[in-house]
Each structure stands twice: as structure tokens, then as C-alpha cells.
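Structure first, commentary second.
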Amino acid sequence: MGAGGRRMRGAPARLLVPLLPLLPWLLLLLAPEARGAPGCPLPIRSCKCSGERPKGLSGGVPGPARRRVVCSGGDLPEPPEPGLLPNGTVTLLLSNNKITGLRNGSFLGLSLLEKLDLRNNIISTVQPGAFLGLGELKRLDLSNNRIGCLTSETFQGLPRLLRLNISGNIFSSLQPGVFDELPALKVVDLGTEFLTCDCHLRWLLPWAQNRSLQLSERTLCAYPSALHAQVLGSLQEAQLCCEGALELHTHHLIPSLRQVVFQGDRLPFQCSASYLGNDTRIRWYHNRAPVEGDEQAGILLAESLIHDCTFITSELTLSHIGVWASGEWECTVSMAQGNASKKVEIVVLETSASYCPAERVANNRGDFRWPRTLAGITAYQSCLQYPFTSVPLGGGAPGTRASRRCDRAGRWEPGDYSHCLYTNDITRVLYTFVLMPINASNALTLAHQLRVYTAEAASFSDMMDVVYVAQMIQKFLGYVDQIKELIEVMVDMASNLMLVDEHLLWLAQREDKACSRIVGALERIGGAALSPHAQHISVNARNVALEAYLIKPHSYVGLTCTAFQRREGGVPGTRPGSPGQNPLPEPEPPADQKLRFRCTTGRPNVSLSSFHIKNSVALASIQLPPSLFSSLPAALAPPVPPDCTLQLLVFRNGRLFRSHSNTSRPGAAGPGKRRGVATPVIFAGTSGCGVGNLTEPVAVSLRHWAEGAEPVAAWWSQEGPGEAGGWTSEGCQLRSSQPNVSALHCQHLGNVAVLMELSTFPREVGGAGAGLHPVVYPCTALLLLCLFATIITYILNHSSIRVSQKGWHMLLNLCFHMAMTSAVFAGGITLTNYQMVCQAVGITLHYSSLSTLLWMGVKARVLHKELTWRAPPPQEGDPALPTPSPMLRFYLIAGGIPLIICGITAAVNIHNYRDHSPYCWLVWRPSLGAFYIPVALSLLITWIYFLCAGLRLRGPLAQNPKAGNSRASLEAGEELRGSTRLRGSGPLLSDSGSLLATGSARVGTPGPPEDGDSLYSPGVQLGALVTTHFLYLAMWACGALAVSQRWLPRVVCSCLYGVAASALGLFVFTHHCDRHPNNVHHGRRAHKSRAKGHRAGEACGKNRLKALRAGAAGAPELLSSESGSLHNSPTDSYLGSSRNSPGAGLQLEGEPMLTPSEGSDTSAAPLSEVGRAGQRRSASRDSLKGGGALEKESHRRSYPLNAASLNGAPKGGKYDDVTVMGAEVASGGCMKTGLWKSETTV
């Protein structure tokens, strides 16, 4: 036991003997685990120490101790004292602490330190000499701190530093020589979020190249924006420059939003900006005036402070604010490269503040609703952005705002909408043309594109459209000497602009003298384009013609030029008219009717009335005398006259000659008189040579295109009001004036025209168009009075007037649509200034015109059906005929079809209903398919119905009054409605006129009428409808000619319209209302008499029923009516009935016979069925046996409604026994005849 224990105690000793040489290394490895070990004393709690294997480690005893100290992730406010660290520290990690600065000698004593990590701290200052004593340091990491100032003294004492990382700091630039103390530096990373790659960093690239220094690829430029995110080391020196707008990485003004303060308040301002050099300054401005410190005034201005060599800050304090402090306060950063500023608005409220009211402003930039705003404050509204516009055409960024200031008195100032896009598509596109640069390579292309937009000049709705086109024409003028094709395009654009609304032209002239710019550009074309290689220019357009010659003054013998156009399509200006008649705008010529010049040398006798070119009409002529160039004094005349440009222009009208007042100069008209251009405007001018006072006048002849009084010769002077030009009569005299042509003489060249005292002038904003002739309005009023009187009469007396339901509906709808057409025509056909109203007028006229014609066609179809339709003979046991179709089908035809046509036309293009003519109607091409073709089809069908109905009335059946198969033989007063609307449990009448058996003998109460017109025969109805139809067509055609045509006198067309309208209204009222009152009273008396007969018949019926039940064998044979209902007309009375006079069988005077349903598709059986029905009734009478048989028979039979004529059964017919029997029954006891002569009511 003892020996074994000794052996076991000696075993560990033997095992430790081989490990003795490794003991020092084991202690070194175990040192980090033992805190405060003798070899690595660290009294700092947040730091850890460990050994670091030296490079080139080999066996044997280790060299001097190498220590690695880690102090990361703590809260160290400064680096640890070097004396607390081990002497052998070679790596010191101080990242992710709260170190704010490095003092001089912060690491003195760590002579063996090779790596220093100070990243992710808040170091803002590094004092010179902070790294002294680190002679062995090879890697230094100062990234992600707040270092802004770096100088060459910062890196003193680092002779062996190889890698430097200063990225993520706040400096924006580095001074030259900052790395001079780092001779061994090989790699540097200096990328920051503020790094500005400009001329201040230009030194770095050649320095790095000379020192073989590598700039890290993570060193990216932040400013300027042109070099953003580019690697600094890959740039060229030329790219590092200080040109262009100043870009600051930091520029803040606090407060930055508008401030509303009260008098006496205190308000501080602070302005911070980037500090880019010693020349960086901050200055303050108030309402653009420099601000200086003044304590007495309450302005405290502190000195500017520079922070970390990166930011500069200035503070301004308003200690006692007064009203004077209102306005804009501006902080401006200035340096050699440029200036940058920030503004803030201050509003100082007084004790009694006022407000600007809420207001809505709609202009060409949008619709803006300005809220109630405090006085002295500028309100802002966001511009309307268009979702379909990817790039703003106005040049501004999306989200720009409009501004408007409310002044201190509580009144709105004019708003600033310049940053907003135009709401009109055409205006936005034209604005882009103005912004485009023009040169000789793209001028022609842009001109052709612009001409496409001016082709729709008639639809321009903004004055800026004209302004922008005028500016482009002026720009194109500078290239006509190089591009001759531009001349034709410019003349076409000017010609198209003459189609613009006159008020827009006037506004454009007032805004930017746009019209004067266009005329001036055209006048200078000849002088700019003609040369020895191009001695003649001739351009023709729809409204402008240009002719230019390069002539030699010494060989000039005179020139006569005539402006003309083709005669096809009508000649404007040839229609006569009285001086008092309202002048109409110059009609737009067709596309092929261009103005042309024909010039001849010398002085030929030219007359506008007898122009020698076939199928042409002369509009203006000018005769330039041979002495045109010999009028200069000898002292002023050059010895060798140069070539001279002679140019002529003719304008179809004076639309481009707009003065601000839109009137003539005082010398051209008397006080209070307004004159306008009534002729074409012709121009003659020279370029390259002067023309003095003419010894012979220039003779001009002009054709009138508008009527007026007191013609005056005038020429256009550019020295008009506001330098915009105006007409003056100085130097021009009127030689003669005829109804269509005026001749004048002028002593100078220029634009010449004839002014007249016109009745109307270009309309003001929102004003209505030129009115119609005065005769139109009273005649339209008479027509409306008659139509509405007819409508009201038929509505109020609907239950008393004997007219069918279909006839009642058709008459009322026809009168209503005729009234709608005439009222809208007279009240709105000329409202062309209101776009939406004009479109509504056009749509309404379109609908009412079509609907009126279709209602006439429907009525013609019903009348024709009534005359020609035959019902099939009923068979024994056949079911009752179907109920007639409702009136809905007629409404669908006459009202639905026009509604569909108008809806489709408006949906395709709503602007089809406004073509900028003097009237509101459809554009010509869409009107062909949407109006004229449907009207032609409707008229064709209607006239076919008229023709067939007329032939039917004149046919053989119309001559035989006994022909029972046709209703054409019925005379006036012989028709009666055939179906009724019954109430209660009484029997019902079908539309065919026959009774439906019900088993009840109660008398039905008459209801409203449905079919048949008992006042007029079909012939009279057809004649009335035809008369109404053609009177309406005549009224519509005359009205259309009165507003659209120029070759007919308006007074003639207007008078014809008045005659047609008056005749139409009087005829409709006379025909439909003149005879109705008497019939209404008669119907009421008959209704009362019939009601009395009802009560008497019911009383006698009860007594007779008792007798039948008693089984009286000798009782006379009786005819029983299975339906005792009355016809629903209040004027119905039937022969053989004792309801009106008991015991009498006489017919009431004027009582009409019963007829089938008028115009119904399921009309009654014809009169030929009377015989068959009578036979059945006779047979039943013979077989009647007692009361039981009578009652049984009463439930089986049904009698046709039209079984009797005016005098009972036809005389001499086989139904005489029925007549006799009816009389016998009527004479005995209380027996009374029923509804028909063959009927007996019990």
C-alpha cells in the first residue's frame, strides 16, 4: 500500500518534466484570462488586454511582449492615459466610444504602437501634435467622426504611416499640404457626404500621382451634382473647376416658414451654411435692402461663427417687432463663386387686423380658389397637374404653386400664376415652340409643325395662342434670307390667324402688340428675302397675298396691281344691303379661294366691277405712279440709285389691325362715332430706297364686304395709342364711293382701307352675338302664343274634346317641339361667345328639328293606316282581339331616334356644335350624317304617306258611301270613338269596338277617349297635316338662310321667316281650337242626359225582370243586351235608345255613328259584319221561350259595337224586323231600348 502510493505520487512529476520548456508560452496564452496578471496590468474596466503573436514567430524563448488592447464599445470620453497601457502595446482599438477630441500628446509613450483605431466616435477637433510619439504607427483609422478641420500639423509624428482612413467626417474640402507630414503614406480614404470636388481639390490629383499615392475607390464626390457619385481618383484635373451655379451642401434658415407675429414680439433668426473658404460671408436683407445691426431699432446682428472649418452661422434677432418688419427677410451666402439665399416671410399683425375675402379666379392657368386670408399674408395654391403629361411643358417642376398677396388694406393683389401650366392643350404646345432654340437647321421643320397648329386657329380660345405664334413669326423672319420656303409658311400662318375671334386678337394686341408684330413681319419679308438671285416673290393664301419685286428706280415706269379671287362658292362682299342693316362678319372663304395678285407695268385703267379674268372677282387694286422714285430732292438722291424692293400685301379684312380703343383716330370720324374696317386692307412699301412726298397720289380701289355709312379713307399709322398703331385719315382722300366699291387717293405708302360707321363692333367679353332681324322676334312670339294656347286648351279640356288618345298625344308633342325649335332659334342662335351655351343651343335645335319632323311622319302614318287597314272578319268562337299597342312606340320613334343621333354626335366631339360661325349649329361635315341625311329620309317617308293617303281619298272606295270595308267614305261628324276605358264592374270594350261579354248588365261609366277624331274627316285631317308640314319646313329654311347666307338680303329671309312662323301659328290654333268650344258644351249636355237615361233604364229593368220570372207565356219577344255599357264619349247618343227621351226612337241631331278604333293596328270589324250579327240576333229572338231562355241567351251573345247606322239597320235590308221589334218593345210598359236599336235593356 505504501509502495503503491509512492509510485502514484511520483507519476505527475515525471509528466511535467517535458513541459517545462513550454511554460513561458503557456503563461502568455493564459494571461488574458487572469485579470490584472503581472504581465498585462490594466486598471481600466472597459479595456481588455491580450497578447499578440509577433510576425515571424519561431521556437525557443519568445522576444519582447506584444500587447493588444481593446477598449471598443465603451463610453470613454477620451483616450486612456498612455501610462496605464502596457509598454508593449502594438494595437490599440478605441472604436465606438464617445471620444470628442484628441489633445496634444494623447498617445505619447506608445512608441511600439502600429495600429490605432478611432472610428465611430464623435471626435470634432484634433489638436496639432496629437499623434506625437507614434513613430511606428502604420495604420490610422479616424473614419465616421465629426472632424472638419485638417491641417498638416494634425498628422505630425507619423513618419511610417501607410494607410489613413478619414472618411465619413464632415469636411467638404482639404487644404493643400495637409499630408506633407506623412512621407510613407500609400493609401488614403477621404470620402464624405459633403465632399465637394471643385477647384479647391485640384491639387490632390497631381500630388497623389507624384507620391504614388492611391486614393481609395470609396472616395466618391458628393458635389457638384454633375460629378455626384464619381470616384475622385478617376477624374481629370480639368473637371475640378469652380464654374456654374453655387451649390452648398448645407444652407438652412431658421425659421424657414412664414411667421405671423404681433407688434412688440421678439423673433430670432439663425442662418447656417457651408464654409468653403475664407471668402465665405453671410449677409442679411429685408425686402432686398441690406440689414445692419441697430440696437435702438431692435435689430441685433451677431458676428458670424465658423464651426469645425465646415459650417458658418449667423444670428439675427428682432427684439421689438413693429409693422416695418413685415415682408421678406433673406439670408444670403456669398463667395467668389456666387451667391445663394434663403427667404422667410414675416407678417406683423396690428391690433385691428383685416382680411381678404374668399375668391375664385379662373384663367388660362387653371381654376384657383383663394381662401379668406389675413391682410399682409401671401396665399399659395398648388397648380393643377395633368396626369397624362409626363414632362411639364411649362418648364417648371411638378408641384409648383401660384401665389397671391393680400395687402394690408384687405384687398387682393394680382396673383402670380407664371409657374403653372396652361390648361389648354394648344396653348401649352405653342408655349413649347417659344422655348425651343431656333437655328437655320431646324427653322423650316419647326415652321411646318407650327403651321399645323395654326390651321385650327378658328378654335383658339386664349389670347396667348396668338401672342406665341406672333413671336415665332418674328423669329422665322431672321432666316428667310437663307430659307426661301419659310416665306410661304409665314404667310399661311398669318392668314390662319385672321380666323381667330376678333376679341382674342384685340386682347393679344393689348397684351403684347401681337397683331402689329405679325403685320410688321410680313411687311419686311421682301426686303429680307429678295436679292439679285431672287428678284420676285409671290405667295398666295386664303386671307393674305404677298407680291415683291426687286426693281431699278431709274427704269421704273409705274405699277398697277389687282388683288382677286375665284368666283366659285359665292363672292364675299357682293350682297347688297341697307346702311342701317347690321354688318355680318366676313365669310370664311373655301380652301381653294386664295387671294392673288395680278400686276402690270404702266398705268392701265383697272375697274373692280369689270375685271377681265374669267370667273374671278377683284377685291382691291392699287396704282403706283411712275414718279414714285423721282420725288426725292436732288441733294438727297444718290448718284447711282441702288436696287429697290417694292412689296405689296393685301389682307382680306382688317382683323390684324387692332387698336386699343378699337375705333378710328379722331381725325377719321366725328366725336362719338365708331368706325370699323369695311374693305380689304392693301399695303405698298419700299425697302432699300426712300420715297419722299409723292407728286402724284397713289390710287386705290377697294370692294366693300360689310355695310355701313359715311365711308372714310384711312391709312394705318404705327404711332397709334400706346405705340400699338391706329387708323388716321391724314394724307388720304375718298374720291368716290359706290354701294360696293370705293376709290381713294393717298399721298404716302402704307396700309390703306376704307372705314365706315358700322352698326356693330367686335363683341366684348361675355357679350352676346349680333342679334337677328327685328321682324323675327314678334313673329316668333306670335307662333309661341298660338302653339302654347293650343297645348293648354287640349290639356285643360282633355276629357271634353272629342279627339283620340293617339291624336291627342301627337298634337301636343308636335306643338311642343315646334315651339322649342322656334324659341331656341330666336333666343340663342347667335350666342357664339358663350361656348357651353352655344353648344347647348346647337344640340337643342338639332334634337327639336328632327323630333318635329318625325312626329309629323308618325301622324301621317297613323292617318294612312286609318284609311287603308281592314280587319279580318271574326269567326264563331274566336278569342278576343289583342289590346292595342301603347303610345310608347311613337315616343320611341319620334323622341328616341333624335335623342340617339344627338347623343352620338355630341359624344364623338362636343365641339361639332360650335364652329365659330355667327350662329350656333353643327359643323358642316358632321351635319351631313347627323342631320341632313336623317331629315331627307324622314321627309321621303312622310311624303310617301301623304301621297298614298291622298290617292286613297281620291280612289274608287272614296266615291261609294255604302262601302263598308273602308272608312274613307265617312264625312265630317260621322266618326265616333270606338273603345272605352271603363270603371267598376261594367263590361269592357276592346280596341276593335266590340263588347266583351261579362255576365253583368250594369251600365259602365264612360272614360277618356282613346281613338278617333270626330271633328274632321280624313281628307280634312290630311290637308291640315300637309299644310302644317310645309309651313314648318318653310319657316326652318328661311330662318337658316337668315343667319347663314350672305348672298341673300337678311331682311328678305327674315321677313319670309316671320310670314311662315305667323301663318303656322295661326293655322294650328284656328284648325285645332276654333270649333272645339261648341263641341265641348254639347258633349257636357249629352253626358247629363245620358246619365239620366241610365237611372230610368235600371228602374224599368227591375220590373221587367219580375215579369219574366213569373213565367208570362204571352210576353212579347225581347232582345236582351248582354252588355249594357255606354260608350265612353260624353257626347255619345244612339238611335232607338230611350235614355235621352223615353219612349221615343228619334236620333239626336248631330249625333255621329260609332266607328272602329281610329288608326289602331287592331281596329274593329268592318261594317259588312252587321248583317251576319243581325241574322244571329233574329234567330235567337225566334227561339226565345220564356224568361229562362232569355236569361240563358243573354249570357251567350255579344253584339258588335257598330251594328247600327244613323237610321238603325239599312233601309230595305233583311234586318227591318229588328227595327220594328225594337219600336214595339219601346212602346210598352217600362221597357226601354238599350244602346243600339236592336237592343232592349231590362
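The values are calculated or read from the model by the stated rules, or taken from the named source; none is laboratory data. Note that this is a predicted model, so its numbers are computed, not measured. Positions of Cβ are backbone-derived with ideal geometry, glycine not excepted, and every protein chain shown enters the neighbour counts. Heavy atoms of the whole protein, side chains included, go into the accessibility calculation; ligands, DNA and RNA do not. Shrake-Rupley method; radii C 1.70, N 1.55, O 1.52, S 1.80 Å.
Does ASN813 fit the bill of being more than 23 Å from ILE893 (Cβ to Cβ), open to solvent by 20 Å² or more (accessible area, probe 1.4 Å) and either basic (Lys, Arg) or over 33 Å from the mean Cα position of the chain (by Cα) (or both)? So ASN813 does not fit the description; no. State whether one or more residues within the range 74-91 are farther than 26 Å from GLY157 by Cα, at pLDDT below 90 and open to solvent by 50 Å² or more (accessible area, probe 1.4 Å). Within the range 74-91 (the criterion being farther than 26 Å from GLY157 by Cα, at pLDDT below 90 and open to solvent by 50 Å² or more (accessible area, probe 1.4 Å)), the answer is yes, since at least one residue qualifies. Identify the residue in the range 646-680 that is out of contact with any Cys (no Cβ under 8 Å at 6 or more places or on another chain) and part of a strand (DSSP E or B) and, among all such residues, is modelled with the lowest pLDDT. Checking each candidate, the answer is ARG675. Of the residues making up the range 286-312, just one is within 52 Å of the chain's Cα centre (by Cα) and of a type in the set (S, T, N, Q), namely ASN287. Can you confirm whether the range 227-246 contains a residue that is open to solvent by 50 Å² or more (accessible area, probe 1.4 Å), without any contact (Cβ under 8 Å) to a residue 60 or more places away in the chain, touching a Gly at 6+ places or on another chain (Cβ under 8 Å) and on the phi < 0 side of the Ramachandran plot? Within the range 227-246, not a single residue is open to solvent by 50 Å² or more (accessible area, probe 1.4 Å), without any contact (Cβ under 8 Å) to a residue 60 or more places away in the chain, touching a Gly at 6+ places or on another chain (Cβ under 8 Å) and on the phi < 0 side of the Ramachandran plot. Among the residues of the range 201-217, is any touching a residue at least 24 places away in the same chain (Cβ under 8 Å), within 56 Å of the chain's Cα centre (by Cα) and in a strand (DSSP E or B)? No, every residue in the range 201-217 fails to be touching a residue at least 24 places away in the same chain (Cβ under 8 Å), within 56 Å of the chain's Cα centre (by Cα) and in a strand (DSSP E or B). Taken over the range 152-169, the residue count meeting the criterion of being of a type in the set (A, V, I, L, M), assigned to a loop (DSSP other than H, G, I, E, B) and open to solvent by less than 10 Å² (accessible area, probe 1.4 Å) is 3. Considering the range 684-721, and only residues there that are open to solvent by 30 Å² or more (accessible area, probe 1.4 Å), charged (D, E, K, R) and modelled with pLDDT of 75 or more, the residue that is nearest to LEU656 (Cα to Cα) turns out to be GLU710.
Of the residues LEU486, LEU450, LEU504, LEU446, the single one that is within 18 Å of ASN540 (Cα to Cα) and in a helix (DSSP H, G or I) is LEU486.
Within the span defined as the range 261-282, every residue fails to be open to solvent by 70 Å² or more (accessible area, probe 1.4 Å) and assigned to a helix (DSSP H, G or I). On the stretch given as the range 921-945, residues that are of a type in the set (Phe, Trp, Tyr) and crowded, with 20+ Cβ neighbours inside 10 Å total 3.
Residues that are open to solvent by less than 40 Å² (accessible area, probe 1.4 Å) and among the acidic types (Asp, Glu) within the range 343-369 comprise just one, GLU345.
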